[in-house]
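Here the structure is laid out as structure tokens; the discussion comes afterwards.
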Amino acid sequence: MLASTTARATVRRHRNFRGGVLWCFHFRGGMWAAGAVKVSGCLAAFSVTLRRCLKLGAAMAKSKFEYVRDFEADDTCLAHCWVVVRLDGRNFHRFAEKHNFAKPNDSRALHLMTKCAQTVMEELEDIVIAYGQSDEYSFVFKRKSNWFKRRASKFMTHVVSQFASSYVFYWRDYFEDQPLLYPPGFDGRVVVYPSNQTLKDYLSWRQADCHINNLYNTVFWALVQQSGLTPIQAQERLQGTLTADKNEILFSEFNINYNNEPLMYRKGTVLIWQKVDEVTTKEVRLPAEMEGRKMVVTRTRTKAVPLHCDVIGDAFWKEHPEILHEDS
Ligand SMILES: [Mg+2]
């Protein structure tokens, strides 16, 4: 350590922003570290206790601007609770129009959403289940997750940014003939659920929402596309109708049995971790052989697998007890 003989240390009293006293060492000449060596020799010359000086050692490493950290809000998610991040497309009504999405459902757009959600689950840590429908997706983090010390802002921003960049990155894989005309955006929120029941009710709520919206949209677009009603006329026709009425219109006027509509449209998409056999071909060459031989290799991998099933009833949770397991 280079202790400069010209280095001089002084202690000055400052007020911090709360009005408290802050003792600071100021050095002229020499290095900070060299000055620190001299400090111990100088201590007796100043009427400060050793304890205060030791405390000062920690303060010295920080700048005087450090106090601004105290303005940061604590957003730690409550321990032992399920943390849910839900994202939603910003102004996707317009986005769907501009990009010629099929009505009432565009399977390319739904598959792209699911691809993004799988990417989120695979890139980020501790997500046990995800559920998506329309332009929204919910991600459930393990109860015991300590990822980024359970900070809500970290959970939310990582999920939303990973999802949004994936949406642009994978766009061409799903919309070959449709260029992406402008960058899409997503909002996000964090909700903490204290029990298995509240988490199951949350997912049931989103799936019920999927059903209500999809039934409405299926009849609405049949009236517009097949009966030639204007959107306002179709809206008026459906005002005050119940589920049974909508099913009846679909069946009697369009010969559509709603229960035969694709499960992905009616139930949305659930993503859970499952073991999947991945079959690949690998070229193997023994030392004595000139040419390699192609061999089929099967590897078992755990992947985020999409299901289009009911999560409102008990069957799903009985079939997949690991999702709500205590260690989750
Ligand atoms: Mg939206």
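The values are calculated or read from the model by the stated rules, or taken from the named source; none is laboratory data. No experiment lies behind these values; they were computed from the predicted model shown. Methodologically, a virtual Cβ is constructed for each residue, glycine included, from the backbone with ideal geometry; neighbour enumeration extends over all protein chains shown. Surface areas here come from the heavy atoms of the whole protein model, side chains and all, with no ligands, DNA or RNA. Shrake-Rupley method; radii C 1.70, N 1.55, O 1.52, S 1.80 Å.
A few points about this structure:
- Matching option when the condition is under 30 Å from residue 143 (Cα atoms) and at pLDDT below 95, among 319, 326, 291: 326
- Residue within segment 166-180 that is in a helix (DSSP H, G or I), open to solvent by 80 Å² or more (accessible area, probe 1.4 Å) and within 17 Å of residue 131 (Cβ to Cβ) present: no
- Taking every residue in segment 81-97 that is free of Cβ contacts under 8 Å to residues at least 60 places away in the same chain and pairing it with any residue that is in a strand (DSSP E or B) and open to solvent by less than 10 Å² (accessible area, probe 1.4 Å), at least 6 positions away or on another chain, yields no pair with a Cβ-Cβ distance below 7 Å.
- All positions within segment 181-212 that are part of a helix (DSSP H, G or I) and of a type in the set (Phe, Trp, Tyr): 202, 205
- So residue 146, is it modelled with pLDDT of 95 or more and open to solvent by 70 Å² or more (accessible area, probe 1.4 Å): yes
- Exclusive hit being among the polar types (S, T, N, Q), at pLDDT 95 or above, touching a strand residue (DSSP E or B) at 6+ places or on another chain (Cβ under 6 Å) and more than 23 Å from residue 108 (Cα to Cα), set 235, 239, 274: 274
- Selection of segment 220-271 for residues being basic (Lys, Arg) and not in a helix (DSSP H, G or I) yields an empty set.
- Within segment 186-205, the residues that satisfy the criterion of being closer than 28 Å to residue 94 by Cβ and exposed (fewer than 14 other Cβ atoms within 10 Å of the Cβ) are 187, 189, 205.
- Contacts under 9 angstrom Cβ, first residue in segment 172-188 being under 18 Å from residue 116 (Cα atoms), partner within 16 Å of the ligand (Cβ to nearest atom) and open to solvent by 70 Å² or more (accessible area, probe 1.4 Å), 6 or more apart: 182/98; 184/90; 184/91; 185/90; 185/91; 186/90; 187/90
- Scanning segment 84-100 for residues that are away from the ligand (no atom under 13 Å from the Cβ) and open to solvent by less than 30 Å² (accessible area, probe 1.4 Å) yields a total of 3.
- Qualifying residue in segment 283-294 (condition: in a loop (DSSP other than H, G, I, E, B), in contact with a Gly (Cβ under 8 Å, 6 or more places away or on another chain), over 30 Å from residue 227 (Cβ atoms) and open to solvent by 80 Å² or more (accessible area, probe 1.4 Å)): yes
- A single member of 166, 161, 153, 134 is within 16 Å of the ligand (Cβ to nearest atom) and either over 30 Å from residue 81 (Cα atoms) or hydroxyl-bearing (Ser, Thr, Tyr) (or both), and it is 134.
- From the options 242, 199, 263, 238, residue that is away from the ligand (no atom under 16 Å from the Cβ), free of Cβ contacts under 8 Å to residues at least 12 places away in the same chain and of a type in the set (A, V, I, L, M): 242
- Every pair of residues 6+ apart whose Cβ atoms lie under 8 Å, when the first sits in segment 311-328 and is on the phi < 0 side of the Ramachandran plot while the second is assigned to a loop (DSSP other than H, G, I, E, B) and open to solvent by less than 90 Å² (accessible area, probe 1.4 Å): 316/309; 316/310; 317/311; 322/328; 328/142; 328/143
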